[in-house]
Amino acid sequence: MRNPIEILSVEDDPLQAEWIRQTIESGVSGSKVIHMSTESEFIARFPGIVSTPPKLILMDVMLRWADPSPNIPGRPADVKEGGMRRAGLRCCTRLAAEPKTRGIPVILYTVLQNSELKELEKELDMVPPNLLYVQKDSNPGELLKKIRRLV
Amino acid sequence: MLHSIARSCQADACLLWRLAPGSDLNATPPDGRLFVLAQWLKDDKMWASHNLGLSSVTGRAIVAGEADSVPDVRNHPYVDGTDRFFDRTGARTFCAVPIRFVDEQRGAVNVYRNTLRPFRDSELARARGLAALVPSLYQTIRDKVGAALMQSVNGILQAAERNAMDGASSKEGMRAVVQTICELVAVTFQCMETSVFFEDRFVLPGAYELVATTWTDRFPKTSYTKNDGALTSWILARARSVKLFNLLDFHNEKELRKIRKEYEGLTWTDSLEFRDVVRQRFGRAEEGRQPPLSFVGVPIMMGNSVLGAIRCCTAVRPPHYFADGELRLLELVAAQIGQYWSHWVTRRETEEENNSWRAFVNRVSELNHLVQKDLASGELNEDRIYSEALEVAGSVIRGAGILDIRLLDEERQELYYAATKGPAWDAGTLQDRAERRATRYNVKDESIGAQVVRTGTTYVAADLTGDPKFHHRFSGTRRFIGAPLQCQDKVIGVLDIRGLGSADFPKHAVSIAELLGQQLGLYHYLARSIRDLRSAKDELNREIRRQTETYQDLGHQLKSPIFLAQARIQSVLRAVPAETAIAADLNAIRGLISKAKRVGMGIRLFAQLAGSKVEVSQVISLRHDDLIKTLIEYASDHRLLLGPERAVTFHVDRRGFDVLERHDVRVDYDLLEQAVNNVLDNAFKYSFPKTTVRISVGMAENRFHITVVNEGLKLRASETDACKKRGWRSEDAEAVTGEGSGLGLWIVEHIMKAHSGELRVLPTTSSNLTEVKLLFPAG
């Protein structure tokens, strides 16, 4: 049996996350979606991403820092300053800074418009080289087309 | 000493003669005269005569430098035997012994006898020996007198300075000090008149007014300028001392030539009647030789400037003459008085400056109160402020006679009058005044006001007479200060201050004008900012109204499709068997629609709150079944939206709902749904995983309550009020919140107020339970 094509989805809305999983796994043959719901989870599990890089990352832009719990990890200064609107971009910067993850294709999957995104991107120190942008839409055709091409 | 000399020669009289100033022993024949410096007469009958010529025996002895004697005064070719001196004293024989004074001036000691017994050689030798001591004795006495005078003057002035340090620096006090010194000098010099004149630039520059005098009669002239041809004027104009042997020499051509040779252009304009006055003072109205009317006058200097003059006239006692020693002494006194006067003037100026600044600060403070009062009413009355500012300038700047404020009309680049002060502004007919006020000045022209506005620097003119740049709207204007009105380097006008009289503006006038200019610039900026703010506020209100209407419109547009979608989904759900995949999907869709409805309603309420307050429209009585159904449905929707991973469940406690059968609770149901949804949204959003959100209703404090309790993020006691504020989030909430704008509880609070109810948020308990209550009035 062939190894599944691992696609990492970083999405904090559980309904959307489930919809993304269903759409990709049913639309991209042999794919398996791994889900992370918050920025702090992405940071915590980043070493795993480095050691076993996924084929593609689908990244929401506006992400919560953490889920409610008695022990919420403290927010670093840049998170406090930049807020949730830049969370996905901070994750991308982290990917670009690490040689082993730099080449992973990243699709920014967001409700933000391209122009709004470009404004946010200007604030980033580092952007992954193969960063793509797809606006969230009820029609998943465009998203699936890009995923298929990249994987 | 003279008595001793006379006694040593068994004589009856002894006179000390001195050559008068201006005498020339080297001329051919020698030119000059002698006057009596001192005398001793056995019976002290009279004062010896003056003006003895050099052709006399005494004069010849002085010219020759050798003693001479006259055996019989009535029978000698060089003696006028008919001289009243011989007649009155009975002197018949005398000898003259020439001496040389310490200052090299020549003189003689004459010894007279009332008998025809000739002087023996031994007597002559004794007379010569004693006469040789006279010059140094004379000098010693003079020095002693001079030193005593200076010591006294110093003492008086030091005491005056000490008093001044204690704050006593009135004009009367100054006059008293100078008067005391005049009297001291008059006593020392034994003269009728000692007077001091000073120029008071404070009051009348260029005029030297009488400050103190010992002359008790009517004073012929109490004020001098440098140009009015008087003797004192000459001293002031040339800054030179004058010493005259006899003022009557001005009526003697030969003597006048001698005077003019030493003092070029010197004149004496007083009439000869003065002589009669002096005679009466001397008590010698009878004819005959009169003592000279001596005069000595000294300028009072400070550096190169002439502050005034001190003069002495008519010595009342022998020798009736002011010698060089007196002149030098008077110069020293003048230097001392000059210093005192300078100190006094400086003190007065400082005092005036202090008073002016104090008054300025008080008046500006009053002006600020005025502005604050205006600000409270929301509008700055600039015209009144400018008028008040001119009142301030007029009251604290001495000599400010005509004042105005001109403002810059930026559009036309012209200066126009905004406020005016001074009688000159009201002169003429009504039309004159109107025209005067309506005058405008182009800021590009060469006028002073235009220059001040262009450069932003103060223009100060001490004397505008003949200045082509000055527009002579007000004749008689001599001094001018034009200070810019500015704020943030921008000049908005000019404060004009004109002085009419001859007195200078005080030194601090420019600083006061500049500060006032800055203050007015600030007020102007404030007034303009208020106008701009008001205009911006009006525009903002218009914009808010437009936005509110847009939000309300969008909310209305959303309401209908969402309502229909919600109704349809409920209908479909009823037709689909529960616990199926389709039912799960439909429930999820219902949850999403519910969220969309909540957001849509949120937009409408936000729009309402931006304009005024939440409006309660369709009020109904809350029904038991409807409320249970709504609460369960919305709790279910929220749980769905949260996703299964968090595993947050909910529980609706049905026990309290029956109170609605006994109490009438009237609500706007749309608003109730919104309030409940917002509270549930927070409860689910901030709950820890695997916890339960508990919902209950009931009566408390005679009010109906819907209570939501969740276990999750902490809300501190200090945050229970803050959490109702718009946009507020706790530190932890920031970390776990994704979308959302922090409006939830803010809107709930307004909904509850609209129902005369209350949103009550209790701080989180130690077991992490947070309770939120919606309290409604219950009938």
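The values are calculated or read from the model by the stated rules, or taken from the named source; none is laboratory data. All values derive from a computational prediction rather than experimental measurement. Neighbour counts are summed over all protein chains in view; Cβ atoms, including those assigned to glycine, are modelled from backbone coordinates with ideal geometry. When the accessible area is computed, the model is the full protein with side chains, heavy atoms only, and any ligands, DNA or RNA have been set aside. Shrake-Rupley method; radii C 1.70, N 1.55, O 1.52, S 1.80 Å.
Only one of the listed residues (B:ARG639, B:ARG590, B:ARG604) is charged (D, E, K, R) and within 16 Å of B:ASP670 (Cβ to Cβ). That residue is B:ARG604. For beta carbons closer than 9 Å, sequence separation of 6+ or different chains, a first residue in segment B:632-653 that is within 14 Å of chain A (Cβ to nearest Cβ) and on the phi > 0 side of the Ramachandran plot and a second that is in a helix (DSSP H, G or I) and open to solvent by 30 Å² or more (accessible area, probe 1.4 Å), the qualifying pairs are B:GLY643/A:PRO14; B:GLY643/A:LEU15; B:GLY643/A:GLU18. The number of residues in segment A:80-127 being touching a strand residue (DSSP E or B) at 6+ places or on another chain (Cβ under 9 Å), of a type in the set (S, T, N, Q) and either part of a helix (DSSP H, G or I) or within 14 Å of another protein chain (Cβ to nearest Cβ) (or both) comes to 3. Looking at the structure I just gave you, is B:VAL242 surrounded by fewer than 15 Cβ atoms within 10 Å (Cβ to Cβ), farther than 30 Å from B:ARG398 by Cβ and among the hydrophobic types (A, V, I, L, M, F, W, C)? Taking the combined requirement at face value, the residue does not satisfy it.
A quick yes/no check of all residues on (1) under 26 Å from the mean Cα position of the chain (by Cα); (2) hydrophobic (A, V, I, L, M, F, W, C):
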position: B:THR465; (1), (2): no, no
position: B:CYS487; (1), (2): yes, yes
position: B:SER511; (1), (2): yes, no
position: B:TYR525; (1), (2): yes, no
position: B:ILE544; (1), (2): no, yes
position: B:PRO561; (1), (2): no, no
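Hey, which of the helices (runs of 4 or more DSSP H) in segment B:353-462, taking only ones fully inside, have at least 1 residues that are of a type in the set (Asp, Glu) and without any contact (Cβ under 8 Å) to a residue 60 or more places away in the chain?
Values: elements: B:382-396, B:430-438, B:448-455.
Once the helices (runs of 4 or more DSSP H) in segment B:353-462 are filtered for at least 1 residues that are of a type in the set (Asp, Glu) and without any contact (Cβ under 8 Å) to a residue 60 or more places away in the chain, what remains is B:382-396, B:430-438.
Of the residues in segment B:418-437, at least one is modelled with pLDDT of 90 or more and of a type in the set (Val, Ile, Thr). From the list B:ALA186, B:ALA127, the lone residue that is in contact with a strand residue (DSSP E or B) (Cβ under 6 Å, 6 or more places away or on another chain) and more than 25 Å from B:LEU327 (Cβ to Cβ) is B:ALA127. Scan segment B:489-509 and give yes if some residue there is within 30 Å of B:SER365 (Cβ to Cβ) and part of a helix (DSSP H, G or I), otherwise no. Looking through segment B:489-509, at least one residue is within 30 Å of B:SER365 (Cβ to Cβ) and part of a helix (DSSP H, G or I).
Within segment B:671-717, the residues that satisfy the criterion of being open to solvent by 40 Å² or more (accessible area, probe 1.4 Å), without any contact (Cβ under 8 Å) to a residue 60 or more places away in the chain and either within 14 Å of chain A (Cβ to nearest Cβ) or assigned to a strand (DSSP E or B) (or both) are B:LYS685, B:PRO689, B:LYS690, B:THR692, B:ARG694, B:GLU711, B:LYS714. Which members of segment B:629-640 meet the condition of being within 29 Å of B:GLY779 (Cβ to Cβ) and open to solvent by less than 40 Å² (accessible area, probe 1.4 Å)? Within segment B:629-640, B:THR630, B:LEU631, B:GLU633, B:TYR634, B:ALA635 qualify. Residues in segment B:491-512 that are modelled with pLDDT of 90 or more and surrounded by fewer than 17 Cβ atoms within 10 Å (Cβ to Cβ): B:SER511 only. Residue-level analysis places B:LEU515 among those that are open to solvent by 40 Å² or more (accessible area, probe 1.4 Å), in a helix (DSSP H, G or I), farther than 25 Å from A:GLN16 by Cα and not charged (D, E, K, R).
Scanning segment A:76-103 for residues being open to solvent by 40 Å² or more (accessible area, probe 1.4 Å) and farther than 25 Å from A:SER51 by Cβ gives a total of 6.
Evaluate segment B:735-750: report whether one residue or more is under 20 Å from A:PRO73 (Cβ atoms) and out of contact with any helix residue (DSSP H, G or I) (no Cβ under 9 Å at 6 or more places or on another chain). No: segment B:735-750 contains no residue that is under 20 Å from A:PRO73 (Cβ atoms) and out of contact with any helix residue (DSSP H, G or I) (no Cβ under 9 Å at 6 or more places or on another chain). When segment A:104-120 is filtered for residues that are more than 14 Å from the chain's Cα centre (by Cα), surrounded by fewer than 16 Cβ atoms within 10 Å (Cβ to Cβ) and touching a residue at least 12 places away in the same chain (Cβ under 8 Å), the ones remaining, listed by number, are A:GLN113, A:ASN114.
Note on segment B:641-657: among residues that are assigned to a helix (DSSP H, G or I), open to solvent by less than 50 Å² (accessible area, probe 1.4 Å) and farther than 16 Å from B:ARG703 by Cα, the one that is modelled with the highest pLDDT is B:ARG646.
Being open to solvent by 100 Å² or more (accessible area, probe 1.4 Å) and either acidic (Asp, Glu) or at pLDDT 80 or above (or both) is the filter here; which residues of segment B:71-87 pass it?
B:ARG74, B:ASN75, B:PRO77, B:TYR78, B:ASP87
The number of residues in segment B:596-621 that are in contact with a strand residue (DSSP E or B) (Cβ under 9 Å, 6 or more places away or on another chain) and more than 24 Å from B:PHE776 (Cβ to Cβ) comes to 0.
Summed over segment B:340-352, the residues that are among the polar types (S, T, N, Q) and touching a residue at least 24 places away in the same chain (Cβ under 8 Å) give a count of 1.
What are the residues in segment B:359-392 that are in contact with a Ser or Thr (Cβ under 8 Å, 6 or more places away or on another chain) and within 20 Å of B:THR420 (Cβ to Cβ), if any?
Here is the first cut: in segment B:359-392, the ones in contact with a Ser or Thr (Cβ under 8 Å, 6 or more places away or on another chain) are B:359, B:363, B:390.
Correct list: B:ARG363, B:LEU390.
Among the residues of segment B:722-773, those that are in contact (Cβ under 8 Å) with a residue 24 or more places away in the chain, part of a loop (DSSP other than H, G, I, E, B) and more than 14 Å from chain A (Cβ to nearest Cβ) comprise B:LEU743, B:HIS755, B:GLY757, B:PRO763. When we screen A:ILE72, A:ILE5 for residues that are away from every other protein chain (no Cβ under 14 Å) and open to solvent by 10 Å² or more (accessible area, probe 1.4 Å), the only hit is A:ILE5.
For segment B:77-125, filtering for residues that are under 60 Å from the mean Cα position of the chain (by Cα) and acidic (Asp, Glu) leaves 2. Taking into account only those residues within segment B:354-405 that are among the β-branched types (Val, Ile, Thr) and surrounded by 16 or more Cβ atoms within 10 Å (Cβ to Cβ), which is modelled with the highest pLDDT? The qualifying residue modelled with the highest pLDDT is B:ILE405.
The test for being within 14 Å of chain A (Cβ to nearest Cβ), assigned to a helix (DSSP H, G or I) and of a type outside the set (Ser, Thr, Tyr) does not hold for B:LEU660. Among the residues of segment B:602-613, is any of a type outside the set (S, T, N, Q), out of contact with any helix residue (DSSP H, G or I) (no Cβ under 9 Å at 6 or more places or on another chain), open to solvent by 40 Å² or more (accessible area, probe 1.4 Å) and farther than 24 Å from B:ALA733 by Cβ? No, every residue in segment B:602-613 fails to be of a type outside the set (S, T, N, Q), out of contact with any helix residue (DSSP H, G or I) (no Cβ under 9 Å at 6 or more places or on another chain), open to solvent by 40 Å² or more (accessible area, probe 1.4 Å) and farther than 24 Å from B:ALA733 by Cβ. Picking from residues in segment A:42-69 that are more than 11 Å from chain B (Cβ to nearest Cβ) and among the charged types (D, E, K, R), the one that is surrounded by the fewest Cβ atoms within 10 Å (Cβ to Cβ) is A:ARG45.
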